[in-house]
Amino acid sequence: MSEVRKISDGIFEVIKDKKQLATRNLDPGKVVYGEKLIPVEGVEYRTWDPRRSKLGAMILKKFNISLKEDSKVLYLGAASGTTVSHVSDIVSEGAVYAVEFAPRSMRDLIGLASRRKNIYPILADAGKPDSYAHIVEPVDLIFQDVAQPNQAEIASRNASRFLKGDGYLLLSIKARSIDTVANPKEVFKEEVKKLEQAFEPKFEILNAKDLMPYHEDHLGVLAKLR
Amino acid sequence: MKINTWFGVLEIGGTGEILESELFPKDIRELARRSLVMRENKQNLPPAGFDLKTAALECRFVSSSAEYYSLLHEVTLETVKMQVSGALTPDQRIIQAVEALDDINETTNSLSERLSEWYGGHFPESGLSGESLALFITKYGSRENLEPENPLYSKTVNSMGAKLEAADEILLKGFAESVCSLYERKRQIEAYIENSMESIAPNLNLIAGPMLGARLISISGSLEKLATFPSSTIQVIGASKALFKHLRSRAPSPKHGIIYSHPLINTAPWWVRGKIARALAAKLSLAARIDFYSGKIDPSLVEKLETKIRQIRASNPKPPQKKQESGIKPKKKRRK
């Protein structure tokens, strides 16, 4: 018999054989990337693998991502949509603007967005938010997972355009994308400093933790506008 | 001020109120097309924090939130589909072809080995392998089907192999046929690559040859990316293991990556390979840039390369002599 415990709006812990992070399937019956479907009392849940998803890892590392059913999310670095699908599950009455740069990944994202009406796919460079300024409305959360060296600048540019005053920024920083040979701890310190001081708008860091054991040399950052 | 949105061009006043609006037709393809045009146009951007949804409701483009989101969903989806279908450039097709070729080579190697093992139980003395073995088996099947005129007939007479049962013969012949058809396919793909490289990247084709040229494009990801790389990168592309080892520790830098397969490098004596690799990479870089930006063939590139190589060979006819040690010199500390 399976049990379900709510972690926060739209995010659950399902206990069947073992404890697993999960979200309610917005598209029941359909598997997106090989996750398990677990029915409990008439509701279908999708398991969320923290080793595949930085956001999943952040939740398990106790980042308070404060999403609601009707939240609007700007997702930078949507890739093929594995994590986007879970965000879509969570904000069932909201919106996920999924920005991705690579046409090959977008192909998969198109399939996902065709089935989920709350995903708005955008093929564009996240570093140039002006190119989608005519589409995206103000959002409650910006989630950024782009493997780019100028991540702090990208975050600032997008936040200045689209983040609501009381909104949050959730970043996953990959040390190797910034500098392939430097010490990750040094890289993280630098990037956090950049977020706090280097660009307009400046951010106030609420939480910064590595994502071990799920991801090596990655730092999760939760911030809000100063 | 005038602002562009996905649903129309608006004129907004000082406090953000909408003064005028020129709404676009509510046709999905039309809206998608305009959205694509707008992304290039960096003027008339909405101010930061502009609430598009509320504006759309205010100027009556849509009559409800639900309609706004439903329409936006269809438009973004259509826009993205248009972009993706235009994204398959000729160099992407060559990349798929050369990667398919590598896959076929791997596959034919394993399957040929298997065929050799399998058939070896029946006729180990054949001395055939690879495509010739596959063709042989497809044509004859059992070794008993050979005529005395056939050059291999003598080997079949006292063969130590076992008799080939009928069921096995059918299976083996079918398997061999599949292998033959893979070898055919390999030739087809090679011909396609040779033809395509001539038109997609004529200068790269001239200097590196079709295969190496296609592989360079494949590793880079696109002809455009290859054209942006400095020649030092092209020199070591394909040697990433050695390169990162050099960057992270005191290992020496790699002299060449995939360009090693070029005859100019792999037939050269070891002491000039580094210099030749540098010269070749420089010309390859130029060739890729000409190909990407103009596509016109420039025969002078090959001449210049050959001249340079001759120079290098001429000024380095002998390997460098090891310096004679006069007493023990302390090892110079390398600055890392």
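The values are calculated or read from the model by the stated rules, or taken from the named source; none is laboratory data. These figures come from a predicted structure and were not determined experimentally. Note: ideal-geometry Cβ built from the backbone for every residue, glycine included; neighbour counts use all protein chains shown. The protein model used for the area step is the full one, side chains on, heavy atoms only, and it has no ligands, DNA or RNA in it. Shrake-Rupley method; radii C 1.70, N 1.55, O 1.52, S 1.80 Å.
Against the conditions (1) at pLDDT below 95; (2) open to solvent by less than 20 Å² (accessible area, probe 1.4 Å); (3) of a type in the set (A, V, I, L, M, F, W, C), B:M82 satisfies every one except (2). The set of residues from segment A:154-174 being within 14 Å of chain B (Cβ to nearest Cβ) and either outside any helix (DSSP H, G or I) or under 15 Å from A:K54 (Cβ atoms) (or both) comprises A:L163, A:K164, A:G165, A:D166, A:G167. List, please: which pairs have Cβ atoms under 8 Å, are six or more places apart or on different chains, and start with a residue in segment B:71-88 that is more than 7 Å from every other protein chain (Cβ to nearest Cβ) and end with one that is open to solvent by 60 Å² or more (accessible area, probe 1.4 Å) and in a helix (DSSP H, G or I)? Listed by first residue and then by second, the contacts come to B:E78/B:R29; B:M82/B:R33. In segment B:198-210, which residues are open to solvent by 20 Å² or more (accessible area, probe 1.4 Å) and either within 10 Å of the chain's Cα centre (by Cα) or over 20 Å from B:Q96 (Cβ atoms) (or both)? Passing the criteria: only B:L206.
The residues on offer are B:E149, B:E144, B:E106, and the sole one that is surrounded by 12 or more Cβ atoms within 10 Å (Cβ to Cβ) and among the acidic types (D, E) is B:E144. Could you tell me whether any residue of segment B:69-84 is part of a loop (DSSP other than H, G, I, E, B) and polar (S, T, N, Q)? Scanning segment B:69-84 turns up no residue that is part of a loop (DSSP other than H, G, I, E, B) and polar (S, T, N, Q).
Within segment A:108-132, the set of residues being assigned to a loop (DSSP other than H, G, I, E, B) and under 21 Å from A:D70 (Cα atoms) comprises A:R116, A:K117, A:N118.
When B:S116, B:S112, B:S126 are checked against the criterion of being small (G, A, S), in contact with a Gly (Cβ under 6 Å, 6 or more places away or on another chain) and touching a residue at least 12 places away in the same chain (Cβ under 8 Å), a single residue qualifies: B:S112. Within segment B:36-46, the set of residues being assigned to a helix (DSSP H, G or I) and either open to solvent by 50 Å² or more (accessible area, probe 1.4 Å) or within 7 Å of chain A (Cβ to nearest Cβ) (or both) comprises B:V37, B:M38, B:R39, B:E40. Determine if segment A:199-217 includes at least one residue that is in contact with a strand residue (DSSP E or B) (Cβ under 6 Å, 6 or more places away or on another chain), more than 29 Å from B:S240 (Cα to Cα), surrounded by 18 or more Cβ atoms within 10 Å (Cβ to Cβ) and more than 10 Å from chain B (Cβ to nearest Cβ). Yes, because at least one residue in segment A:199-217 is in contact with a strand residue (DSSP E or B) (Cβ under 6 Å, 6 or more places away or on another chain), more than 29 Å from B:S240 (Cα to Cα), surrounded by 18 or more Cβ atoms within 10 Å (Cβ to Cβ) and more than 10 Å from chain B (Cβ to nearest Cβ).
Pairs are defined by a Cβ separation below 9 Å, a sequence spacing of at least 6 or placement on different chains, a first member in segment A:190-210 that is under 14 Å from A:I178 (Cβ atoms), and a second member that is β-branched (V, I, T) and part of a helix (DSSP H, G or I); the pairs so defined are A:E190/A:I178; A:E191/A:I178. Cβ separations smaller than 6 Å between residues 6+ apart or across chains give the following pairs from segment B:47-62 residues that are within 12 Å of chain A (Cβ to nearest Cβ) to residues that are among the small types (G, A, S): B:A48/A:S160.
Segment A:14-107 holds strands (runs of 3 or more DSSP E) entirely within its bounds, and those carrying 2 or more residues that are of a type in the set (G, A, S) map to A:95-100.
Within segment A:131-145, residues that are in contact (Cβ under 8 Å) with a residue 60 or more places away in the chain have Cβ atoms under 8 Å from residues that are assigned to a loop (DSSP other than H, G, I, E, B) and β-branched (V, I, T) in these pairs: A:L141/A:I65, counting only partners at least 6 apart in sequence or on another chain. Residues of segment A:114-133 that are under 16 Å from the mean Cα position of the chain (by Cα) and either modelled with pLDDT under 95 or within 11 Å of chain B (Cβ to nearest Cβ) (or both): A:N118, A:I119, A:Y120, A:P121, A:I122. Checked across segment B:10-21, the condition of being of a type in the set (S, T, Y), out of contact with any His (no Cβ under 9 Å at 6 or more places or on another chain) and under 24 Å from A:G167 (Cα atoms) holds for at least one residue.
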